[in-house]
Each structure stands twice: as structure tokens, then as C-alpha cells.
Amino acid sequence: MSMLVLVADLSFVGYTAGNRWLYDYLFEDTLHQFYMHDTLTQVVSWDGSGSRCSFSSPVDRAVHILNDYPAFSFAETTYAHYDGTYLVDFVGSTVFYPFSGAGIRTLKFPLTVGEEWQAIDTCIYALGEKVPHPKGSIDADTITDTLWYDTSYASLTRYVGDTLVVSLSPIRFNTKVTDLLYLDDTTYICCRTYYYAHFGRVEYIANFGMSLLRIDSTVVDISYGLINTNTWDTTFIPRSYFETLNSSIVIRYVGTSIAEKPSEGQVRTFTLRGRTLVAEESMTIYGTDGRLVSRLGERQRIRLKPGIYFVRTAGGTARVVIR
């Protein structure tokens, strides 16, 4: 274990008002999906107001505005702060997958290679606190679903030159959905709870900012109820392994000049009628968090909620903005 004693503030990771970064948002490391423009608008003094925290001495808080680029069709305000021990990043963000609004303690000072810490910052939500999902209804109905966070871990695995690599191993959060899935004529599944463990890393360049956020794999457990529609008896199925998702989600700094290159694989094989998407061939639809939204065959359709989606066909991937 090596140790570097360092007194830091937000400028250590380039979080100074006016700084900007352009990121490439990719899924499975293969197809360009969209660019994300990050502007740090201001650094303010913050005493924890509006959160579960209260700082006796106000801390520096950075305010970021995230947009898709170059369309600027959505905007999201996120925050970061340095509390004297941790750099807390991604607060309030639903674009930076998989954090869904929680702040992540991405660096711990003094910087100690090999040290591990609890990664969820509890200024926003207490661990285990069940809250309305920031994306509302994430299943097939219109009922707001539930989200809560479990103990998660981060560690500084490498600090060479000006590059810091932090392992996320894992980031844990859970969701409970309310839609019903019929298994047969007499049985359906209800009240599914998914338990996610995300493994990846985040990289910073000192005095510059974040250069990479990568989620390599996600292990998912599930619990649910089985309801017999003849007797209305419910059998609870306890938590068990469900699946492992190995597709990579990568947010990578690319610099402004790279935005001039053409997008790859942008093939439009669908028709939009308001918020209804009509497939012209077989396709899969994903949200910005990599979650599968729907699979459609030729001439099938789906009504989408406002947001950004990725439509994948045999010919490539296209981005869809629903307003």
C-alpha cells in the first residue's frame, strides 16, 4: 500500500467555473450513441441546505449542466462537492449510469492507493431509504416505482502521474416495480424487486476532470410474488440470482474536435408518430441507462415516455428523442 498526503479542493479535479468537457456515450464499446456536453457553471459555498447533511463550515459545491451535443435537446443539473474527506460526484444525475441521483464518493483524501471506502454519499438518501424512482415508472404501467441504495464500495486502485483510477466494486441499488407479468392463464408475477450490483471504474486527470466512467458488468438478483388467479393465493419467491449483464457502458472524454466526426451506424428504420414509434424491421429499444425498454417486430409499435432512447437494428443504432 502506498500513500500520498494531499490537501485538495474541487480544483484538484478541474472543477472550476467555466470549464467544459465533451464525452462520448457508448454502449457495448461498439457504436457511438451520442455526445454529452458537461459545463461547470459555478462553484458555490454550501452548508448542506436541502439535503440530509449539515456542514459546520460551508463546503465548495460545483454546479454542472449536462446536455446532449450538438442538439442540446435535454438539460440536467448535477452537483459535486468536496467535504474535506471525500469528493462526492454525480449528485442528482440520471444520465450518469447507474447512479440514478445518488452522490458517489469517488475519491477519498488523503489519497491512499489500495484503500477502500463506502461509496454512497448519504446526504441525499440514507442507505436503505426507499424513495420514488427518479425516472418515475420504469416498467410497463404508469405507477411510480421505488428505488433504494445498499452499501457500496470504491477504492483507489491506481495513481500514476496525474491519472487516478477508482474501482467501483460494486455500486449497489435496488428497484421495485409494480407491473404484472402473466406466466399462463392462471398465474402472474407481481411486485418484482431487482437487486443490482454494478462493477466498473471512474478515472480522473488531476487539474483536468473526469476522463472515463465505465460500467463493465452488472449482477442482478430478483425476488417476486406468484399469484394464482383462481385462489388469489400468493407465493413469495425469495431473492435469488437472475442474470449477469456483461455489456459495457462507457462515458469517455473525447475533446471538442472529435465531435466533427460522423456518427457510426445511424440507420433510421422506424417511424415516429408523436410519441409512438412504429418499427419497420425487428429492433430492440434501450434507455440511456442501458436498460432494455422493448423488443419490436416489423410493424409493431410502442408509445414512449419523454426521454432519450437508442433503437438497435441489424444495421446499427439510432438515437431517438421523445419530447
key: Modelled label reach - D141, point 7 Å along Cα→Cβ, the range 216-245 residues with backbone N closer than 19 Å   = 223-237
ask   = For the pair C191 and D150, what calculated FRET efficiency results from E = 1/(1 + (r/R0)^6), where r is the Cβ-Cβ distance and R0 = 22 Å, to the nearest 0.05?
value = 0.70
key: Mean-position separation - Cα centroids, the range 12-81 and the range 135-152, in angstrom   = 23
Cut-off 15 Å between beta-carbons: net charge of the residues surrounding N230, Lys and Arg +1, Asp and Glu -1 = -3
request  = Go from 0 up to the bin containing the longest alpha carbon distance in the chain, width 20 Å each, and give me the % of pairs per bin.
outcome  = 29, 56, 14, 0
inquiry  = Cβ neighbours within 10 Å, averaged per peptide: list 87-93, 185-191 in order, most packed at the top.
reply    = 87-93, 185-191
query = What dipole magnitude, in Debye to the nearest 20, does the chain give about its Cα centre under +1 on Lys/Arg Cβ and -1 on Asp/Glu Cβ?
reply = 620
ask   = Can you give the accessible area of H37, probe radius 1.4 Å, in Å² rounded to 10?
value = 30
key: Heavy-atom accessible surface of the chain: percent carbon and sulfur, 1.4 Å   = 50
ask   = Hey, with R₀ at 35 Å, roughly what FRET efficiency would E116 and D221 work out to, going by the Cβ-Cβ distance, to 0.05?
value = 0.95
key: Selected from A62, A197, A279 as most flexible by GNM, with the chain as the system and alpha-carbon contacts under 10 Å   = A279
ask   = When averaged across all projection directions, what area in nm² does the alpha-carbon convex hull of the range 105-245 cover?
value = 10.4
task = Give the ranking of D121, D47, D139 by solvent-accessible surface, highest area first, calculated with a 1.4 Å probe.
result = D47, D139, D121
message = Tell me the relative contact order for the range 22-143 as a rounded percent, counting alpha carbon contacts under 8 Å between residues six or more apart.
response = 15
ask   = Summing Lys, Arg as +1 and Asp, Glu as -1, what charge do residues with Cβ under 15 Å from the Cβ of H64 carry, H64 excluded?
value = -3
note = Lys and Arg at +1, Asp and Glu at -1: neighbours of A80 with Cβ under 12 Å from its Cβ sum to -4
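For the range 177-239, with only Lys/Arg (+1) and Asp/Glu (-1) charged at the beta-carbon, what is the dipole magnitude about the Cα centre, in debye rounded to 20?
Dipole about the Cα centre, nearest 20: 320 debye.
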ask   = FRET efficiency for L180 and R301, Cβ-Cβ distance as r, R0 = 22 Å, nearest 0.05?
value = 0.55
task = When a/c is below 1.5 the answer is rounded, else prolate if a/b is larger than b/c, else oblate, so apply that to the range 44-185 with a ≥ b ≥ c taken from the square roots of the Cα gyration tensor eigenvalues.
result = prolate
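Using a ≥ b ≥ c from the Cα gyration tensor of the range 125-207 (square roots of the eigenvalues), is it rounded, prolate or oblate, where a/c under 1.5 gives rounded and otherwise the larger of a/b and b/c decides, a/b for prolate?
Here the range 125-207 falls in the prolate category.
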Loop-resident sites, the range 81-164, for GluC sites (Glu not before Pro), counting at most 12 other Cβ within 10 Å (DSSP) = E129
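The values are calculated or read from the model by the stated rules, or taken from the named source; none is laboratory data. Please read all numbers here as calculations on a predicted model, not as lab measurements. Quick reminder, even Gly has a Cβ in these numbers, built from the backbone with ideal geometry, and neighbours come from all protein chains shown. When the accessible area is computed, the model is the full protein with side chains, heavy atoms only, and any ligands, DNA or RNA have been set aside. Shrake-Rupley method; radii C 1.70, N 1.55, O 1.52, S 1.80 Å.
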